[in-house]
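In what follows, a single structure is set out as structure tokens and then discussed.
The values are calculated or read from the model by the stated rules, or taken from the named source; none is laboratory data. None of the values given here were measured: they were computed from a predicted structure. Positions of Cβ are backbone-derived with ideal geometry, glycine not excepted, and every protein chain shown enters the neighbour counts. Protein only, heavy atoms only, side chains kept; ligands, DNA and RNA dropped before computing areas. Shrake-Rupley method; radii C 1.70, N 1.55, O 1.52, S 1.80 Å.
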Amino acid sequence: MSGVELPDRRLEVQHFAVAIAAFGLGAAMAVMQALSRADIPLPMRSEKLYYLSVTAHGVLMALVFTTFFIMGLGYFVARETLGKLEWKGLATGSFWLALFGTLMTTVAILSGTSTVLYTFYPPLQAHWSFYVGATLLVVGSWGFCAVLIRTYVMWRKDHPETPTPLAFHGMLVSVIVWILATSGLAVEVLTMLVPWSLGLIKTVDPVIARTWFWWFGHPLTYFWLIPAYVVWYTIVPRHVEGKLFSDQLARVVFIMFILFSTPVGFHHQFTDPGIDASWKLVHTITTYMILFPSLVTAFTVIASLEVAGRLKGKKGLFDWIGALPWKDPFFASVGLAMLTFAVGGFGGAINAAYAMNAMVHNTAWIMGHFHLTVGTAVALTFMGLCYWLMPRVLGRELKFPKLAIWQPYLWFVGMTIFGGINHVVGLMGMPRRVYSGKFLDSEVAKGWEGMTLISAYGGVILFISSLCFLAVILGTWLWGKEIAPPEVAFSEPLEATGKAGLWDRFGFWTVVAVVLIIAAYAVPLYDLYTMPRFESLPFKPF
Ligand code: HAS
Ligand code: CU
């Protein structure tokens, strides 16, 4: 024992542990899926098992790994920047509730009764415990939101003039986006899916359910992304011995996410009937608004990295790039996540264009898109952050440092192959969510058959990368040498912000966001509920 007294981090560690366990399980399923799509004969390979696995993979990675990781990070940032956490009992209770819900949903999936994929679109119907478990996970996450808001309100009372510490500013925005998003999910699950799965109502309307789902589904992606941006803005510049290029720009970016994350859901429903084209256009315009803060982020983070190089004396046009610590596992993860996001984000702009969306919707392209965005920009940032967090939170030196440095590069290569190929075969017409790339031996499938094999190789590289990550995490946790935890320090901006101002008025921006959501959704939802509709009975293919 090094004799260093560590602060109590049980809450954060519990959250990270659940997140990483979900990641490990999700990764094991992913590699089987990639091989199955390439028609490699696996033992017990079947359609039933494939779709069960895709459901588990999507739920564990996209909903469980992310949510628990973000909650853990939120508590960590709150404690480090505001000095303490209020309502700790609620935080602990919410953790157990969310974990209970997660287990309930996972058991429902693994039992084979809830093969509905991570979007759980009706008329596919799951066992009621799938929906109730997911609800408990969300209710648990609301407890987390309440704790962060309460902590902020109490801190603000004592610091009326201080600008919100930027890292917390970002996490609070993520919380607000989550509350706005999950309000739509609550309507879908509580008024439609739960009563339907319990047999209290016989039918549901798939388009109305999808509309509520995408009210939730798009801001969900920013609930994942914003914490990654918190890392890019407030931890990385400091870590590479640079400075944040502009504190003000970062604050504006986060506030724009409150405003424009939610009123955009129809860009997932361009091909859905019953929604007037003019409303799809409105959501397209807001979608292009929400591209803007990411473009600003690209500018600010690149400028901050350049500042780091300049401070080290680099004077050339690009030599500052080589001066960045590419052999440091944390920086390499984030740097590669950023590079990948430049491509994934560009793909997002293509998806958002009505005419181009028609070419890529429901094809493998979409899989490619979200594996570059959530699967790399976000997930690789979170994995890299673990390398930064573990010495600070556990007071242990990273075990297997060589594996830690290889891991992000393997992920990057694996995902470039997997994501790249899926973009290409998507353009050739390969649908998403298919069990076999042969697609019932159809003629058109011959064009992409060999390529699904290459994408499966990408999947195997990703799996090896996941194993490296898990080995470093477990090794460090169990056997890492005890050290005095390094300092937790956030980036300094080139120019400090003076006093709290417009960008700290979170309540006001939330009200504006609610007005925008009502403007984007009230009329189309009214139309959907009042036009003659055809509801559907449940459908269980397996
Ligand atoms: Fe998306 C579908 C549009 C971003 C996730 N998206 C999905 C789905 C998921 C998802 C999961 O308009 C599938 C849902 C399903 O199952 O059906 N997406 C966008 C747009 C953006 C976008 C406009 N998506 C994301 C992010 C996600 C995510 C972020 C997760 C985290 N997406 C769509 C649309 C669909 C869609 C349609 C529906 C398609 C359909 O038909 O089904 C934008 O937010 C993207 C903005 C990003 C940028 C990139 C900025 C670059 C940065 C990095 C800079 C650093 C560099 C390197 C270059 C403009 C910030 C630095 C240099 C060094 C030296 C290191
Ligand atoms: Cu979206």
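Taking the stretch 300-344, which residues are more than 16 Å from ligand 2 (Cβ to nearest atom) and among the aromatic types (Phe, Trp, Tyr)?
Going through the stretch 300-344, the residues more than 16 Å from ligand 2 (Cβ to nearest atom) turn out to be 300-340, 342-343.
Hits for the stretch 300-344 are Phe318, Trp320, Trp326, Phe330, Phe331.
May I ask you to list the residues in the stretch 149-178 that are surrounded by fewer than 17 Cβ atoms within 10 Å (Cβ to Cβ) and aliphatic (A, V, I, L, M)? Before the answer, list the steps.
Kept after step one, since they are surrounded by fewer than 17 Cβ atoms within 10 Å (Cβ to Cβ), are these residues of the stretch 149-178: 150, 153-154, 156-162.
Within the stretch 149-178, Val153, Met154 meet the criteria.
For Thr211, state whether it is open to solvent by 20 Å² or more (accessible area, probe 1.4 Å), part of a helix (DSSP H, G or I) and within 16 Å of ligand 2 (Cβ to nearest atom).
No; evaluated as a whole, the condition is false for this residue.
Restricting to the stretch 354-382, and then to whatever is outside any helix (DSSP H, G or I) and near ligand 1 (Cβ under 8 Å from one of its atoms), can you tell me which residue is farthest from Met61 (Cα to Cα)?
The initial filter retains those residues of the stretch 354-382 that are outside any helix (DSSP H, G or I), namely 361-363.
Filter once more, keeping what is near ligand 1 (Cβ under 8 Å from one of its atoms): 361-362.
Numbers: His361: 22, Asn362: 20 Å.
Looking at the filtered set, the residue picked out is His361.
Where the second residue is basic (Lys, Arg) and the first is within 13 Å of ligand 2 (Cβ to nearest atom) and lies in the stretch 352-372, which pairs have Cβ atoms under 6 Å and are six or more apart or on separate chains?
Ile366/Arg432
When you scan the stretch 244-253, do you find a residue that is surrounded by 21 or more Cβ atoms within 10 Å (Cβ to Cβ), of a type in the set (Lys, Arg) and more than 9 Å from ligand 1 (Cβ to nearest atom), even just one?
Residues of the stretch 244-253 surrounded by 21 or more Cβ atoms within 10 Å (Cβ to Cβ): 244-245, 247, 250-251, 253.
Going one step further and asking which of them are of a type in the set (Lys, Arg), we end up with 251.
From what's left, more than 9 Å from ligand 1 (Cβ to nearest atom): 251.
Within the stretch 244-253, one or more residues are surrounded by 21 or more Cβ atoms within 10 Å (Cβ to Cβ), of a type in the set (Lys, Arg) and more than 9 Å from ligand 1 (Cβ to nearest atom).
Which residues, counting only those in the stretch 118-143, are within 16 Å of ligand 2 (Cβ to nearest atom) and more than 14 Å from Ala108 (Cα to Cα)?
Kept after step one, since they are within 16 Å of ligand 2 (Cβ to nearest atom), are these residues of the stretch 118-143: 118-119, 121.
Once the filter is applied, which keeps residues that are within 16 Å of ligand 2 (Cβ to nearest atom) and more than 14 Å from Ala108 (Cα to Cα), the stretch 118-143 yields Thr119, Tyr121.
Looking at Ser36, Ser46, can you tell me which residue is touching a Leu at 6+ places or on another chain (Cβ under 7 Å) and modelled with pLDDT under 95?
Ser36
Assuming Leu220 fulfils every condition listed in (1) within 12 Å of ligand 1 (Cβ to nearest atom); (2) open to solvent by 10 Å² or more (accessible area, probe 1.4 Å); (3) of a type in the set (A, V, I, L, M) apart from one, which condition is it?
Condition (2) is where Leu220 drops out.
Can you tell me which residue in the stretch 289-318 is farthest from Val264 (Cα to Cα), limited to those that are without any contact (Cβ under 8 Å) to a residue 24 or more places away in the chain and assigned to a loop (DSSP other than H, G, I, E, B)?
In this case the residue turns out to be Gly313.
Open to solvent by 10 Å² or more (accessible area, probe 1.4 Å) and over 24 Å from Gly344 (Cα atoms) - does that describe any residue in the stretch 223-239?
yes
If you check every pair at least six apart or on different chains, which have Cβ atoms under 8 Å apart with a residue in the stretch 425-442 that is without any contact (Cβ under 8 Å) to a residue 60 or more places away in the chain first and a residue that is open to solvent by less than 80 Å² (accessible area, probe 1.4 Å) second?
Here the result reads Met428/Gly447; Met428/Trp448; Phe439/Met430; Phe439/Pro431; Phe439/Ala445, each pair linking the stretch 425-442 to a residue that is open to solvent by less than 80 Å² (accessible area, probe 1.4 Å).
Pairs under 7 Å by beta carbon, first residue of a type in the set (Asp, Glu) in the stretch 479-504, partner assigned to a loop (DSSP other than H, G, I, E, B), six or more apart or different chains?
Glu482/Met1; Glu482/Ser2; Glu482/Gly395; Glu492/Lys243; Asp504/Pro163; Asp504/Thr164
Considering only residues of the stretch 94-113 that are of a type in the set (Gly, Ala, Ser) and farther than 15 Å from Val18 by Cα, which is most open to solvent (accessible area, probe 1.4 Å)?
This residue is Ser111.
Rundown of residues vs (1) within 16 Å of the chain's Cα centre (by Cα); (2) open to solvent by 20 Å² or more (accessible area, probe 1.4 Å), yes/no style:
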{"position": "Asp8", "(1), (2)": "no, yes"}
{"position": "Val13", "(1), (2)": "no, yes"}
{"position": "Gly26", "(1), (2)": "yes, no"}
{"position": "Ala30", "(1), (2)": "no, yes"}
{"position": "Ser36", "(1), (2)": "no, no"}
{"position": "Ser46", "(1), (2)": "no, yes"}
{"position": "Leu49", "(1), (2)": "no, yes"}
{"position": "Leu60", "(1), (2)": "yes, no"}
{"position": "Val64", "(1), (2)": "yes, no"}
